[in-house]
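Student: The following block contains the structure, expressed as structure tokens.
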Amino acid sequence: MNAEPVKKKMDTGKIITIVVIVALSALVVFFGYQSYSLQQQVEDLQLSEESLTAEIEDLEEDIIDYKADLENKDLDIEEKERLLEEKEEMIREKQRKIDQLVKQNKISKSEAAELRSKVESLEYYIKKYQKEIEELKRELAVVSAERDSLKTRTNTLDTEVARTQDQLEEKEGIIKAGQILAAHAFKFYRKKNSGKQIDQSEFRPGQMDDFKVCWDITQNLVAEPGARVAYVQMIDPSGKVVSDNQGGTFKNYAGETVSYSATANFNFNKTATNICIDFPTPSGYEYGKGTHTVRVWCEGYDIGESKFTVK
């Protein structure tokens, strides 16, 4: 037998053996990679499903805890509604993640259904709390309407009180005005040497030495009876108040200081009262020609006046 063909056959066999070994090695590597990749996918699947389940459970606790926010009286209704909308958006996010896992074939339909069931149970709480918020809104609207109504009634009452107060003040003013005494029917006298008194309204300067003025206080049933003081002003033609040591000052109803020439004390008993006062010429004063005014004040008010002429 020729040795050359035998050698060639042996070499061919070796080559075939090496090729087979390489091919088998490649298959082992390929299947090993496929097995590893499949294992990674399973682990990734478990991780995604477990992670999403944990997220859903955390969200469930968060939504249940929201009830405390709903009952918190320090939070206004808008803030409560905003927090609930956040929870609602988080539920929608979980639903999107479930759909994504399904599209990527990372979870089965039964697993997706189980996750959706958990999410849908959370939607129950959302609807429940939405109803409670709507009820709070209605209650708030009722309270707001009652508050507005009360405010309107309060404003109306304030207006009525103010009007009543004005009416009371007006009546008090009328009563007070009605209590002011009135002086009228003034008469001016000069005394003759015989002692006779002559009623006149025109005088000569020499007739003023023994001068007397009288007036009546009108009957007043509203004014309180009692002692009164009449302050008498003698006002010369220039507007100056004539006075000597009988005179002085008093405060009128407005708090202003007023000078007077003489005073007359009298007792008022609600009936008409006549008052007279001797008015001697003040020392060093000479009555000039012109119109003089006698004005009477009582309790701070100007209650009457009259005029006489010196020729």
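Student: Counting only residues that are in contact with a Phe, Trp or Tyr (Cβ under 7 Å, 6 or more places away or on another chain), surrounded by fewer than 19 Cβ atoms within 10 Å (Cβ to Cβ), in a strand (DSSP E or B) and of a type in the set (G, A, S), how many does segment 283-311 have?
Tutor: 1
Student: Every residue in segment 300-311 that is closer than 20 Å to A185 by Cβ and of a type outside the set (G, A, S), please.
Tutor: Within segment 300-311, Y301, D302, I303, E305, K307, F308, T309 meet the criteria.
Student: Can you give me the ranges of the strands (runs of 3 or more DSSP E) entirely in segment 158-231 with at least 3 residues that are over 45 Å from the mean Cα position of the chain (by Cα) and either modelled with pLDDT of 85 or more or not aliphatic (A, V, I, L, M) (or both)?
Tutor: The strands (runs of 3 or more DSSP E) meeting that bar are 183-191, 211-217.
Here's the yes/no breakdown for (1) outside the structural domain of F211 (by TED's automatic domain parsing); (2) more than 54 Å from the chain's Cα centre (by Cα); (3) at pLDDT 90 or above:
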| site | (1), (2), (3) |
| --- | --- |
| S238 | no, yes, yes |
| V241 | no, yes, yes |
| D244 | no, yes, no |
| K251 | no, no, yes |
| T257 | no, no, yes |
| N265 | no, yes, yes |
| F268 | no, no, yes |
| T273 | no, yes, yes |
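Student: Any chance you could count how many residues in segment 232-250 are in a strand (DSSP E or B) and either free of Cβ contacts under 8 Å to residues at least 12 places away in the same chain or of a type in the set (D, E, K, R) (or both)?
Tutor: Residues flagged as in a strand (DSSP E or B) and either free of Cβ contacts under 8 Å to residues at least 12 places away in the same chain or of a type in the set (D, E, K, R) (or both) within segment 232-250 amount to 1.
Student: Collect the residues in segment 50-105 that are more than 20 Å from S121 (Cα to Cα) and either of a type in the set (G, A, S) or in a loop (DSSP other than H, G, I, E, B) (or both), keeping them in residue-number order.
Tutor: Within segment 50-105, N72, K73, D74, L75, D76, Q104, N105 meet the criteria.
Conditions tested, residue by residue: (1) under 23 Å from W297 (Cα atoms); (2) of a type outside the set (S, T, N, Q); (3) in contact (Cβ under 8 Å) with a residue 40 or more places away in the chain.
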position	(1), (2), (3)
V161	no, yes, no
Y189	yes, yes, no
N193	no, no, no
D209	no, yes, yes
L221	yes, yes, yes
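Student: Confirm whether Q179 is farther than 30 Å from C276 by Cα and either acidic (D, E) or surrounded by 10 or more Cβ atoms within 10 Å (Cβ to Cβ) (or both).
Tutor: Taking the combined requirement at face value, the residue does not satisfy it.
Here's the yes/no breakdown for (1) out of contact with any strand residue (DSSP E or B) (no Cβ under 6 Å at 6 or more places or on another chain); (2) surrounded by fewer than 12 Cβ atoms within 10 Å (Cβ to Cβ):
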residue: Q207; (1), (2): no, no
residue: D210; (1), (2): no, no
residue: W215; (1), (2): no, no
residue: V232; (1), (2): no, no
residue: G239; (1), (2): yes, yes
residue: A254; (1), (2): yes, yes
residue: S259; (1), (2): no, no
residue: I275; (1), (2): no, no
residue: T281; (1), (2): yes, no
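Student: Also, I was wondering about something else. Go through segment 93-141 and count every residue that is farther than 20 Å from L83 by Cα and free of Cβ contacts under 8 Å to residues at least 24 places away in the same chain.
Tutor: Counting residues in segment 93-141 that are farther than 20 Å from L83 by Cα and free of Cβ contacts under 8 Å to residues at least 24 places away in the same chain gives 16.
The values are calculated or read from the model by the stated rules, or taken from the named source; none is laboratory data. Quick caveat: nothing in here was measured; it's all calculated off a predicted structure. Neighbour counts are summed over all protein chains in view; Cβ atoms, including those assigned to glycine, are modelled from backbone coordinates with ideal geometry.
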